[in-house]
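Taking it in order: structure first as structure tokens, then the write-up.
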Amino acid sequence: MQFVVWTLAGWIQRGQQSTIDYLVQENRVLREQLGRRRVRLTDDQRRRLAVRAKALGRAALGEVAGIVTPDTLLRWYRNLVARKFDGSQSRGVGRPRTGSAVANLVVRMATENPGWGYTRIRGALYNLGHDIGRNTIKRVLADAGLERAPERGRSPSWKTFLKAHWDAIAVADFFTVEVLTLTGLVRYFAFFVIDVRSRRVQIAGVTHHLSSAWMAQIARNLTDAGEGFLRNARYLIHDRDPLFTRQFTVLLKDAGVETVKLPARSPNLNAYAERWVRTVWQECLCRIVPLGEAHLRRTLREFVEHYECERNHQGLNNRLLVAMPTTGQGPVERRERLGGTLNFYYRHAA
């Protein structure tokens, strides 16, 4: 019986071997017909070949594989196994990112309080219902380009510095106007001072003949104990114009006002004064022809009143320097200055 079984098994093996030999030769003939063209297989075809390649092993594949190399077939099988155990689709996003509102609050606290460290900021956030770690605060500040508390506290921004001293800072400058007189065009000089915090302006003097004595009198007027525009100021910023004489500086210093002279060729450091000159020219002086000194003085006086009481300021959230009630129900009226060159609209109280 065993002899019969062995004989039958050998006959079956010879038949299977003949079939395999035929399929191998057929595969080679098909490859010769394809030449060097690359065979494009679908994912399903790769899967079927990979499963059967694993069962054969690399040595047997080296003899029968023809479309692709044995290494490629085994790599397909490894990818198939890895895909089975791939849990990336059901995996969570990990630790959630810090919300933009909280991150903005961290940056705001660090900016407004240069001396606050990570722990101090964390405590302030906890008071507001946000419990985040020190390393998170550190990362948020690093992303915003802010340094650590010691370095950040030693170098406050100009904005912070100016806001801390606005009540005591004023700026001053000159501008010139060509006035039409009976003798022709005469150049007049207007000297003005601005309180930085309130944006109030005063035309301190108008003249066509500058002198040290005139500047000294201006200094006395500005520092008058009763009505002087600079009586509450501590610093006056101005450029290096020689008209700011030593006598002018000494009179201001005696009244408690320290003059701060700007570096050469740096108009941006006196931006408030430069911007006001541009404003008075664009909105007023370029639209009229000054006819004599009296006309020029009246024009500047009207513009300053309009500037302080009737003009909205972009630097102050587009509001008036002197707030006016807006709840009136009366008709809309227009207040004209300089023949309609300057206008202001308001409502009468009902």
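Selection within the range 205-238: residues that are polar (S, T, N, Q) and not in a helix (DSSP H, G or I). The member of this set that is modelled with the lowest pLDDT is Asn232. Among the criteria (1) aliphatic (A, V, I, L, M); (2) without any contact (Cβ under 8 Å) to a residue 24 or more places away in the chain; (3) closer than 19 Å to Asp195 by Cβ, the one Leu300 does not fulfil is (2). Annotation note: Cβ proximity below 6 Å between a residue of the range 76-87 that is surrounded by 10 or more Cβ atoms within 10 Å (Cβ to Cβ) and a residue that is among the hydrophobic types (A, V, I, L, M, F, W, C) (sequence gap 6+ or interchain) occurs for Trp76/Ala50; Tyr77/Ala50; Leu80/Ala50.
Suppose we keep only residues that are of a type in the set (Asp, Glu) and modelled with pLDDT of 85 or more within the range 144-181. Which one would you say is nearest to Cys286 (Cα to Cα)?
Taking the range 144-181 as the starting set, the residues that turn out to be of a type in the set (Asp, Glu) are 147, 151, 167, 173, 178.
Restricting the remaining residues to those that are modelled with pLDDT of 85 or more gives 173, 178.
Values: Asp173: 19, Glu178: 11 Å.
So the residue we want is Glu178.
Hey, which of the helices (runs of 4 or more DSSP H) in the range 239-350, taking only ones fully inside, have at least 3 residues that are in contact with a strand residue (DSSP E or B) (Cβ under 7 Å, 6 or more places away or on another chain) and closer than 17 Å to Val201 by Cβ?
Filter on the range 239-350 gives 271-283, 293-309.
Scanning the range 113-149 for residues that are within 16 Å of the chain's Cα centre (by Cα) and not hydrophobic (A, V, I, L, M, F, W, C), we see that the one that is surrounded by the fewest Cβ atoms within 10 Å (Cβ to Cβ) is Gly145.
If I filter the range 308-328 for residues that are within 33 Å of the chain's Cα centre (by Cα), in contact (Cβ under 8 Å) with a residue 24 or more places away in the chain, surrounded by 14 or more Cβ atoms within 10 Å (Cβ to Cβ) and under 17 Å from Val177 (Cβ atoms), do I get at least one hit? No; the residues of the range 308-328 include none that is within 33 Å of the chain's Cα centre (by Cα), in contact (Cβ under 8 Å) with a residue 24 or more places away in the chain, surrounded by 14 or more Cβ atoms within 10 Å (Cβ to Cβ) and under 17 Å from Val177 (Cβ atoms). On the basis of being under 30 Å from the mean Cα position of the chain (by Cα) and either at pLDDT 90 or above or surrounded by fewer than 16 Cβ atoms within 10 Å (Cβ to Cβ) (or both), does Arg265 make the cut? So Arg265 fits the description; yes.
With the requirement that a residue be touching a residue at least 60 places away in the same chain (Cβ under 8 Å) and either crowded, with 20+ Cβ neighbours inside 10 Å or among the small types (Gly, Ala, Ser) (or both), what does the range 189-231 give you?
Going residue by residue through the range 189-231, those that are touching a residue at least 60 places away in the same chain (Cβ under 8 Å) are 190, 192, 194, 196, 198-203, 206, 208, 230.
Those that are touching a residue at least 60 places away in the same chain (Cβ under 8 Å) and either crowded, with 20+ Cβ neighbours inside 10 Å or among the small types (Gly, Ala, Ser) (or both): Ala190, Phe192, Ile194, Val196, Ser198, Val201, Leu230.
Filter the range 172-204 down to the residues that are in a loop (DSSP other than H, G, I, E, B) and in contact with a helix residue (DSSP H, G or I) (Cβ under 8 Å, 6 or more places away or on another chain) and list them by number. Can you show your working first?
Step one: of the range 172-204, the residues in a loop (DSSP other than H, G, I, E, B) are 182-183, 196-200.
If the condition is that a residue be in a loop (DSSP other than H, G, I, E, B) and in contact with a helix residue (DSSP H, G or I) (Cβ under 8 Å, 6 or more places away or on another chain), then Val196, Arg197, Arg199, Arg200 are the ones that fit.
The values are calculated or read from the model by the stated rules, or taken from the named source; none is laboratory data. The structure displayed is predicted, hence computed values, not measured ones. Neighbour counts are summed over all protein chains in view; Cβ atoms, including those assigned to glycine, are modelled from backbone coordinates with ideal geometry.
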